[in-house]
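Chemist: Sharing a structure below in structure tokens format, with a few things to ask.
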Amino acid sequence: MKTVVITGSSRGIGLGLAKEFLKRDCSVVISARSKDKLDQEVKNLGNEYGTDRVMGKKCDMNNYDQVESLWDEAKQKYGKIDIWINNAGISNRKRMLWELEPNEISSVINTNLIGLLYGCKAAIKGMLEQGEGQVYNFEGHGSNDMVLAGLTPYGTTKRAVRYLTESLVNELDNKPVIVGTIGPGMVITDLIKNDLNNMTEEDRDQAKIIFNIMGDKVETVTPYLVEQILKNTKQGAKIDWLTDEKAQQRFADDNYLERDLLSEFGI
């Protein structure tokens, strides 16, 4: 039985991953900044999969002491952490850089980049001490060299994920810790809903066309991602749901071109 820690996992794709790992007899530690939401999801998961296999820990990824405490308490409970997934992340409103408030820029950078670095540091340090483990970083818009006006802070942090992961692969050469990336594609979550709500009407109409073609539900994507993570033994692995080939196929498939996925989410 493997133990998995997932940051930013009281909702959305993080929570979806937790459920899929639990279905495969793993123990799971979920974390979030909101204690009320976290406690509720721990209760829900415990009722369905067993309280002994679920743990929740309040954690602000911008605070290294809290990140290190997440590792320490998870290991204390389960003895070993096999997989650590850096999922916590936020986006900025779709606005030009000069139109954003400084605190919005710093929030994105601190959560998506500083928090990611802290997560990697705590997990890799602990895994080297215990002798093995795997760390996965979430990619997103910007990781694949695409540039979209209005998402400069978010895209910058996701472009950095690639360098960070490649650098860690280099630093971990001949060491027993695997680092890789997860590319979930366009998963319809609260993050996407908030992004759409904060767009201008023109941008929102254009974005909805793309999301209806390229988007997927959490429960569609997470089983595949979890299966690939659990069987991976490759250093620097890229576990991608929506590959370039899949994307091209969708634009040639009337079923995807005509579907209205967002309406199922009240968007």
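The values are calculated or read from the model by the stated rules, or taken from the named source; none is laboratory data. None of these values were measured; they are calculated from a predicted model. Cβ: placed from backbone, ideal geometry, glycine included. Neighbour counts: every protein chain shown.
Chemist: Return the pairs, sorted by first residue and then second, in which the second residue is at pLDDT below 85 and in a loop (DSSP other than H, G, I, E, B), the first residue lies in segment 139-155 and is over 22 Å from residue 115 (Cβ atoms), the beta carbons are less than 6 Å apart, and the residues are 6+ apart or on different chains.
Modeler: 150/94
Chemist: Based on what the data block shows, is residue 42 of a type in the set (A, V, I, L, M, F, W, C) and within 27 Å of residue 233 (Cα to Cα)?
Modeler: Spelling it out, it is not the case that residue 42 is of a type in the set (A, V, I, L, M, F, W, C) and within 27 Å of residue 233 (Cα to Cα).
Chemist: Considering each residue of segment 160-184, count those that are surrounded by fewer than 19 Cβ atoms within 10 Å (Cβ to Cβ) and either part of a loop (DSSP other than H, G, I, E, B) or basic (Lys, Arg) (or both), and give that number.
Modeler: The qualifying residues number 6.
Chemist: A follow-up question, please. Can you spot a residue in segment 239-249 that is modelled with pLDDT of 95 or more, surrounded by 11 or more Cβ atoms within 10 Å (Cβ to Cβ), within 19 Å of the chain's Cα centre (by Cα) and in a strand (DSSP E or B)?
Modeler: Yes, the conditions are met somewhere in segment 239-249.
Chemist: With respect to the numbered conditions (1) in contact (Cβ under 8 Å) with a residue 12 or more places away in the chain; (2) under 19 Å from residue 143 (Cα atoms); (3) among the acidic types (Asp, Glu), which one is the sole condition not fulfilled by residue 244?
Modeler: It fails just one condition, (1).
Chemist: Additional query: Those residues that are in contact (Cβ under 8 Å) with a residue 60 or more places away in the chain and polar (S, T, N, Q), I need them from segment 158-168; list them, please.
Modeler: Correct list: 165 only.
Chemist: Filter segment 73-118 down to residues that are among the aliphatic types (A, V, I, L, M) and in contact with a Lys or Arg (Cβ under 8 Å, 6 or more places away or on another chain) and give me whichever is farthest from residue 129 (Cα to Cα). Full working, then the answer.
Modeler: So in segment 73-118, the residues among the aliphatic types (A, V, I, L, M) come out as 74, 81, 83, 85, 88, 90, 96-97, 100, 105, 108-109, 113-114, 116-117.
Retained after the next criterion (residues that are in contact with a Lys or Arg (Cβ under 8 Å, 6 or more places away or on another chain)): 74, 81, 83, 100.
Numbers: 74: 15, 81: 11, 83: 14, 100: 42 Å.
Result: 100.
Chemist: Something else: I'm trying to understand the selection: among the residues of segment 111-134, which are acidic (Asp, Glu) and within 16 Å of residue 4 (Cβ to Cβ)?
Modeler: 132
Chemist: Looking only at segment 205-222, decide whether some residue is assigned to a helix (DSSP H, G or I), touching a helix residue (DSSP H, G or I) at 6+ places or on another chain (Cβ under 9 Å), of a type in the set (Ser, Thr, Tyr) and modelled with pLDDT of 90 or more. Walk me through how you get there before you give the answer.
Modeler: Filtering segment 205-222 for residues assigned to a helix (DSSP H, G or I) gives 205-214, 218-222.
Checking the rest, the ones that are also touching a helix residue (DSSP H, G or I) at 6+ places or on another chain (Cβ under 9 Å) come to 207-208, 211-214, 218-219, 221-222.
Those left that are additionally of a type in the set (Ser, Thr, Tyr): 222.
From the residues that got through so far, the ones that are modelled with pLDDT of 90 or more too are 222.
Yes, because at least one residue in segment 205-222 is assigned to a helix (DSSP H, G or I), touching a helix residue (DSSP H, G or I) at 6+ places or on another chain (Cβ under 9 Å), of a type in the set (Ser, Thr, Tyr) and modelled with pLDDT of 90 or more.
Chemist: List every residue pair whose Cβ atoms lie under 7 Å apart, where the two residues are 6 or more positions apart in sequence or sit on different chains, the first residue falls within segment 7-23 and is within 20 Å of residue 73 (Cα to Cα), and the second residue, located anywhere, is charged (D, E, K, R).
Modeler: 10/37; 10/41; 15/41; 22/53
Chemist: With segment 1-115 as the region, which helices (runs of 4 or more DSSP H) entirely inside it contain at least 2 residues that are of a type in the set (Gly, Ala, Ser) and closer than 30 Å to residue 147 by Cβ?
Modeler: It comes to 12-23, 102-109.
Chemist: Give the residues of segment 34-57 that are in contact (Cβ under 8 Å) with a residue 12 or more places away in the chain and either within 24 Å of residue 180 (Cβ to Cβ) or touching a strand residue (DSSP E or B) at 6+ places or on another chain (Cβ under 7 Å) (or both), sorted by residue number.
Modeler: Selection gives 35, 38, 39, 41, 42, 45, 53, 54, 55, 56, 57.
Chemist: Here's another thing I want to ask about it. Do the conditions hold for residue 89, that is, is it crowded, with 22+ Cβ neighbours inside 10 Å, touching a residue at least 60 places away in the same chain (Cβ under 8 Å) and within 15 Å of the chain's Cα centre (by Cα)?
Modeler: Against the criterion (crowded, with 22+ Cβ neighbours inside 10 Å, touching a residue at least 60 places away in the same chain (Cβ under 8 Å) and within 15 Å of the chain's Cα centre (by Cα)), residue 89 qualifies.
Chemist: Given (1) surrounded by fewer than 15 Cβ atoms within 10 Å (Cβ to Cβ); (2) closer than 20 Å to residue 228 by Cβ; (3) aromatic (Phe, Trp, Tyr), where does residue 98 come up short, assuming only one miss?
Modeler: Looking at each condition in turn, residue 98 falls short on (2).
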